[in-house]
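The values are calculated or read from the model by the stated rules, or taken from the named source; none is laboratory data. Being a predicted model, the structure only gives us computed values, none of them experimental. So basically every Cβ, Gly included, is an ideal-geometry build from the backbone, and we count neighbours across all protein chains shown. Remember, those area values only see protein heavy atoms, side chains included, never the ligands or the DNA or RNA. Shrake-Rupley method; radii C 1.70, N 1.55, O 1.52, S 1.80 Å.
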Amino acid sequence: MNLEEFIKAFAEEFDETPADIFKADTKYRQLKEWSSLTALSIISMVDDQFDKTITGADIRSTETIEDLFNIVQAK
Amino acid sequence: MYNPFSLEGRTILVTGASSGIGRGISIDCAKMGATVHLVARNEERLNETLSQMEGEGHIIHKVDLCSSDDIYNMIEVIPKLDGIILCAGIIKTMPVKNINEEAISEIFNTNIIGDIKLISRILRKRKLNHGCSVIFISSVSTFNVKVGNSLYSATKGAVNSFAKAMALEVSKQDIRVNCIQPGFVPSAILGCGAIEEDCFLKFYAERHPLGFGTPTDIANCCIYLLSDAARWVTGSIFTIDGGYTLQ
């Protein structure tokens, strides 16, 4: 998995936000659509597509998509 | 001394007996005089439960409730029962759009399909004594729903409906069937997945007027339902949640 693939998969978990909004430095938790439901979607997506388990605490410890990518990579 | 809740001389079977609510129920039913057959996948943890139990004659069965062979083999060797408590269960938290077939199979097999296979076969093999009490451990999540918990709620809703229909069918044999819907009882079921976190615990702590429950709070309801005191109780769903669903 590379950062680009991760950003694409990340963006696909959002229903309202246009895909081109998502960049490595996007502060995703500040997006209007962000909610506990999207957080659960991201956790499920990471489990499904990358076979890694991340937690809500991991998500809260990050600001950008790249931060989260680095956490997933380190798992 | 007058004690309508005694379980002396009763033989009961508990699934999910290796941890959490199932373990607590096994220990407390043994204290009330029951002989307990303990069912779960993990033999080591079943033995941990056994080591905490009073009395003699309790037996462990290493059984995977997702395996029909395991279930059927166990039923061949167990004696006739006076009570069954079905506690085995898992949680899978994911939004509806992230649900996959693997998750559906795993949670439905563990939380409801295994129970149905077990109960059906036990009835077929006539392993339930006259007056037997069957108890399903369901959940307040059948009506108090949370984001990401649709699969779990669906399995527990199925449990409630199954129990009611079964209660009607077996009433002629004086067999009683009831459900308990616990609120939040901290246990290992939460250890896997994204939900065991400080903010999660805080969220629930603030919403349980009587605080979190313990396995004994659920076990005491089981003892009542297993005993002669509940002779006239069947098809009922008991919410035991420290007031969680009041508001």
Using 0.36 nm times the number of residues separating B:Arg126 and B:Thr216, minus their current alpha carbon distance, what extension gain do you get? 29.4 nm
Probe 1.4 Å, protein heavy atoms only - accessible area per residue of region A:3-74 in square angstrom: 55
Equivalent ellipsoid semi-axes for region B:111-247, as square roots of 5 times the alpha carbon gyration tensor eigenvalues: give them largest first, rounded to whole Å. 29, 17, 12
If one builds a Gaussian network model of chain B from Cα atoms under 10 Å apart, the most fluctuating residue listed among B:Ala34, B:Ala230, B:Ala17 is B:Ala230
In nm, give the distance between the simple-model label positions of A:Ala24 and B:Gln52, each being 7 Å from the Cα along the Cα-to-Cβ direction. 5.0
With contacts defined as alpha carbon pairs under 8 Å and 6 or more residues apart, what's the relative contact order of region A:3-74 in percent? 35
For the protein assembly as shown, with equal point scatterers placed on the C-alpha atoms only and solvent neglected, what are the log10 I(q)/I(0) values from the Debye formula at q = 0.06, 0.10, 0.12 1/Å, to two decimals? -0.25, -0.63, -0.84
Relative to the first principal axis of the alpha-carbon coordinates of chain B, what is the inclination of helix B:114-124, with its axis defined by its Cα atoms, in degrees from 0 to 90 and to the nearest 10? 20
For region B:1-35 and region A:43-75, write down the distance between their C-alpha centroids in whole Å. 43
With a 25 Å threshold on alpha-carbon distance, the violating pairs from A:Lys52/B:Lys97; A:Lys8/A:Lys32; A:Lys32/B:Lys92; A:Lys75/B:Lys146; A:Lys27/B:Lys97 are A:Lys32/B:Lys92; A:Lys75/B:Lys146
Would chain A count as rounded, prolate or oblate if I go by the C-alpha gyration tensor, calling it rounded below 1.5 in a/c and otherwise prolate when a/b exceeds b/c, oblate otherwise? rounded
Once both axes come from the Cα atoms, what is the angle between helix B:215-226 and the longest principal axis of chain B, in degrees from 0 to 90, rounded to 10? 40
Taking Cα atoms only, helix B:68-77 is inclined relative to the longest principal axis of chain B by an angle, in degrees rounded to 10, of 30
Send over a whole-number figure in Å² for the accessible area per residue of chain B, probe 1.4 Å. 47
Of B:Gly211, A:Ser41, B:Thr35, which is farthest on the positive side of the dipole of the protein assembly as shown, counting Cα position, with +1 on Lys and Arg Cβ, -1 on Asp and Glu Cβ, and the Cα centre as origin? B:Thr35
Candidate lysines for bridging to B:Lys172, where Cα separation is under 29 Å - those fewer than 8 sequence places away on the same chain excluded: B:Lys80, B:Lys117, B:Lys125, B:Lys127, B:Lys156, B:Lys164
Contact order relative to length for chain B, counting C-alpha pairs under 8 Å separated by 6 or more residues, stands in percent at 22
Please state the shape class of region B:66-179: rounded when a/c is under 1.5, otherwise prolate if a/b exceeds b/c and oblate if not, all from the C-alpha gyration tensor. oblate
Highest-MSF residue in chain B out of B:Gly22, B:Gly57, B:Gly33 [GNM, Cα springs under 10 Å]: B:Gly57
Can you pull the three principal axis extents for the Cα set of chain B, in Å, largest first? 45, 42, 37
In debye to the nearest 20, how big a dipole does region A:3-74 give about its Cα centre with +1 on each Lys and Arg Cβ and -1 on each Asp and Glu Cβ? 280
Quick one: work out Rg over Rh on the C-alpha atoms of region B:1-138, Rh as Kirkwood radius. 1.00
